[in-house]
Every structure is written in structure tokens, then in C-alpha cells.
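Let me begin by presenting the structure, written as C-alpha cells, before commenting on it.
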Amino acid sequence: MNAKQERAHHLELHKMKRTNNELSNYNAALEAECNHLRRVSEKYAAENDALSKQHAIAMETERVKMNALQLEFTQETQLRFKQLQANNEAQHQNALSDAKRRLDAALNEHRAALDAAIQKLNEERTQMKHNDLMREREYKQLSEQLAAQHKTIMDEERTQMKNDDLMREREYKQLAEQLAEQLAAQHKTIMDEGIEEKRRQEAHFNSEIQKLNEERTRLQEQAQAEMENTQRKLSADLDMKLDASISESLHDAVTSNCTHMQWMNVLDFRGKRVMLYSHYSESNEVQDYNVLTIECMQHYFDHIIVLTNCPNKWNMRSPNYNQCHLLNYGVFIMQLETSLVNASRLCLTNDSFIVVDVNAFSICIKRLFDREPMSHDFVGLTSSYENVYHLQSYFMCFGGTAIPAVVSYFKTHGLPFNHADAIGKYELGMSLHLTNLGLTSFALVTNNDMKRPLNTTCCKWSNVLEETGIVKRQNFLKKYAYAGMTDKDIAKIAENHAYNAELLQFLKCNNVRAFTPR
């Protein structure tokens, strides 16, 4: 999306927000007007109730007064009549008749006044009822007008919103189509450029790999010749006999290797337990978790050989080890095959796992190595049925019956030159080769219970931690192809094993996410 389209998009969003705000304000005004009319109606109803109550009270008061006057008048009339009759009934008959007429006239006057008052009250009641009916009609008409007006406004707003939605939908659809076309064109251009660049890189990489392989073969042959010459003559002037064309760093490395190999050739591995620990650091440093791993296993081995690219950085708390550099499993095994085949135990392990639970790892190692000989011909911490059954190569230990077959396998297949070669030939191929020879294997954790077996140390890391006390380094660094351990899991592990200073140092040095230093 270019800058002009982005500005148009933001302008459209601003218009939509302003329209919605205006509609919201208008709805709020209508709601306030409805509330005002509701309050007016309630006020009229309250006034009507008050007038009805006042009218009822007035009628009741007038009725009580009329009843009292009639009773008083009747009592007075009877009293006077009795008095007149008692005094002179016979003599004053005419006067009595006159008095009766006067009383009847007075009574008629009172009755007329009472009728007039009642008629006036009825007229007032009729007028109040009429007024109530008029107010009720007015309120009803006003409510109907407001409801009709509100309905009309709402219908107009809904129609307008639907029209706006349709317009926006058409605009969005057009914009999406334009963006899709642009992205498709950009993607095609990028893919074409990427494919061409990839071809160039692959050609250059293959050329460099070929050159490196040729140089490596030449250097290995030359280093082998120099080491054999040193072993025959046992001369201290090894540096003077190396080829001057080899760089100074490689010259020092080969010299150091020859010195170590000269010393190791004197060793007798017959009946001994040997562990090879492979370590490599791009930053030329040794983190403490490597030392912890070796110290947890050193009691079960007579010789511990550390294969490392930074021998001067190791700080072991126990002197029972030997440092070698610029070597790997294959070089070491093939050069010392005549001595290694007589060993009683050979363990191949590396720095790709972290000892998290020291107690669990110690129990696991004791379970594997406390028996002499081992319960199986070759054992490991984990196994996998991904692709083909195999022990995972970061930790494999071979008994005396399996060691000659391992040495022979290395001689037959040569050295792996990349990760894929190491996995294909040595992790998958080694287990298959030994199994085909009738040798038995054992692992503490496997993945044969999974419908689709994947990497055991990734997909079943919690089982591996519980049974063996270790976690693969790739889990912490998030380098597996599929998700395994989460940041929450890492934080929980760090909290539960806060006593493990080597683990905390590893997490801190590698800037592992979700880890907070204590």
C-alpha cells in the first residue's frame, strides 16, 4: 500500500468515526427528549391524582356538613313542635300551622341550597374529568407523534448506515483487490529474484564446500602424517617439521592435538570406562553447565576426554580429565581404535543438554551405569521412532560387546561433514546397524506412544525432565522446528530449580525470554 492509498484509507476511517459520533450525539438528544416527555407525563398524572383526591375529600366534607345540618334541623323542628304542642295545642293551632309553613319554607330553602351545592360539585367533577380526558388525549397524541418521529429517524439512519456499509464494502473490496494484485506482483518479483539469488548462492556455496573439503582432506592427511612421524621419533621439535603453508592457528591446534594424541596413545583403555564429551563454543567460552554435567558423571568413568575448541577456558573443580581440541568423535575413535576396542564402556555425549534437576539426573545415571556389565549392549537417555527407531545421539553409551561394532562403523562410514549427515548416518544409522547385529538397546524415555512420533526431547520435554533431570538446549533457545516449551514453562522451571546456579547462568547468558534474574 503506497502513501497516497494509506492517507485515503485513514481519511475514510476518520469520516466513518465522525459520522458514528454524530449519530451517537443525535440518538442521545432524542433519548433526552423522550425522558423529558416521560417526566412531563408523570407530572400530569401526579397532578390529576392530587386533584381527584382533593375532589373526593371536598365531596366527603360537604356530605358530612349536609348530614349534620339536616340532623340539627330535624332535631330543632321536633323540639319546637313538641314545645308548642305541649304549651297550647288547642289554642295555638293556627300559629302552629304558620310555624310549620315557615319551617317547611326554611327546609325547602335549605334543600334548594343543598341541591345547588351538589349540582355545583357535580359540574366541577364533570369539568375535571373532561380536563383529564383532554390532557390524556394530548399526551397520547404527543407520544404517538414522538414515536413516529423517532421511528422515521431511526429508519432513515438505518438506511443511511446500510448504504454507507455497502459503499465501504465496495471500496474495501476494490482496495483489497488492488492490494492483492500489488502483493502478487511484488511476491512474484521477489520470488524470481530470490530463486535467482538462491541459485547463485548454492553454486557459490557448493564451490566453497568443495574447496573446503579438498583443503580439509589435505590438512587431515598432512596432520596424520605429522602425528605418525612424531609418534615414531618422540621428538620435541614437532613445530619445526610442520608444513609452513598451514596457518599459525591451525599449526598450534595440530601441535596440541599431536601432543594429546601422543599422550593418549600411551594410555591403556583395556577394561576401562571411557567418556568422550564434545563441546563447541562460537564465543570461545565455556559455560558452567558443561562442568556440572561432567561432574555428575565422572564417578562412573576412568577416563573423561573433553573434545573442545577452547581448551584454555575450562575451569574444572576436579583434575581427573584431559582436554583435547579440534577433534570430534570420529577422529578420536579412528585414531585410538586399537586401544578403544578393549574398553569396557564407551560413552559419547555432548553439550546440547542442560542438567536442570541434579538429583533426578544423578538417579538416572546411577540406574544406567551402576550395574557391571550394563543391562543392555547400548543405552541412552531418550529414544525416538521418528523416521526409524534410534537412540538420540546427544547421549549414547556402549558396552564392551558393542564398542568394536561402533569403531568399525566409524571406519566404514567416515566422518560426517554437516548436521544432516551426522543425523542420517550416525544417529539413525548407528542404532539400526547395531540392532541388525543383534545387539539390544534401552532408553529411559521414548515416543512410541505418539500416533505420529516426533522429536522426543521436544514434544515430551516434561517427561524427559521428570525421568532424567535434563532439558535439551534447543528447548530454551526455541530452535526446534515446532513448538515445545513455552515462556511460562521456562519461567516455572527457573523458579522450581532456582538452587541450580549453572542453569540460571545459562538462561541469563543466553538472554532466555521469561527469565528474571534473582
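Which FRET efficiency value, to the nearest 0.05, do you get for Asp487 and Glu197 by plugging their Cβ-Cβ distance into 1/(1 + (r/R0)^6) with R0 = 45 Å?
0.85
Would you please give the FRET efficiency between Ile57 and Tyr26, computed as 1/(1 + (r/R0)^6) with r the Cβ-Cβ distance and R0 = 45 Å, to the nearest 0.05?
With R0 = 45 Å, the Cβ-Cβ based efficiency is 0.45.
Measure off 7 Å from each Cα along the Cα-to-Cβ vector at Lys120 and Met161, then give the distance between these two points in nanometres to one decimal.
6.1
Taking the simple approach of a point 7 Å from Cα along Cα-to-Cβ for both Ser375 and Lys173, what is their distance in nm?
6.9
Sort segment 355-493 into rounded, prolate or oblate with this rule: let a ≥ b ≥ c be the square roots of the eigenvalues of the Cα gyration tensor; rounded if a/c is under 1.5, and if a/c is not under 1.5, prolate when a/b is larger than b/c, oblate otherwise.
Verdict is oblate for segment 355-493.
Non-local amide H neighbours of Ser278 (under 5 Å, H modeled in plane, Pro and chain starts lacking H): which ones?
Amide H neighbours of Ser278: Leu307, Thr349, Asn350, Asp351.
Using 0.36 nm times the number of residues separating Glu337 and Leu219, minus their current alpha carbon distance, what extension gain do you get?
Gain in length upon complete extension: 40.4 nm.
Just reorder Met450, Met134 by solvent-accessible area, largest first, 1.4 Å probe, all chains present.
Met134, Met450
What length, rounded to one decimal in nm, is gained on full extension from Arg135 through to Ile363, with 0.36 nm per residue of separation minus their alpha-carbon distance?
Between Arg135 and Ile363, full extension yields 72.7 nm more.
Quick one: which residues, 5+ away or cross-chain, put their amide H under 5 Å from the amide H of Thr440? H built at 1.01 Å from N.
Excluding prolines and chain starts, which carry no amide H, the hits are Asp377, Phe378.
Using Cα centres only, tell me the gap between segment 162-191 and segment 409-462 in whole Å.
Here the answer is 50 Å between Cα centres.
Which value in nm describes the separation of the simple spin-label points at Leu107 and Leu13, placed 7 Å from the Cα toward the beta carbon?
Roughly 9.7 nm, to one decimal.
Given Lys472/Lys508; Lys15/Lys162; Lys15/Lys173; Lys272/Lys425; Lys313/Lys508; Lys366/Lys478, which pairs have Cα atoms separated by over 21 Å?
Distance filter (> 21 Å) returns Lys272/Lys425; Lys366/Lys478.
Please give the peptides 424-436, 7-19 ranked by average Cβ packing (other Cβ atoms within 10 Å per residue), highest first, as a rough proxy for protection.
Those peptides, ordered most packed to least, come out 424-436, 7-19.
If you average the C-alpha positions of segment 103-152 and of segment 5-51 separately, how far apart do those two centres end up, in angstrom?
38
The values are calculated or read from the model by the stated rules, or taken from the named source; none is laboratory data. Being a predicted model, the structure only gives us computed values, none of them experimental. Cβ sites come from the backbone with ideal geometry, for glycine too, and all protein chains shown count toward neighbours. Surface accessibility is based on the protein's heavy atoms, side chains included, excluding ligands, DNA and RNA. Shrake-Rupley method; radii C 1.70, N 1.55, O 1.52, S 1.80 Å.
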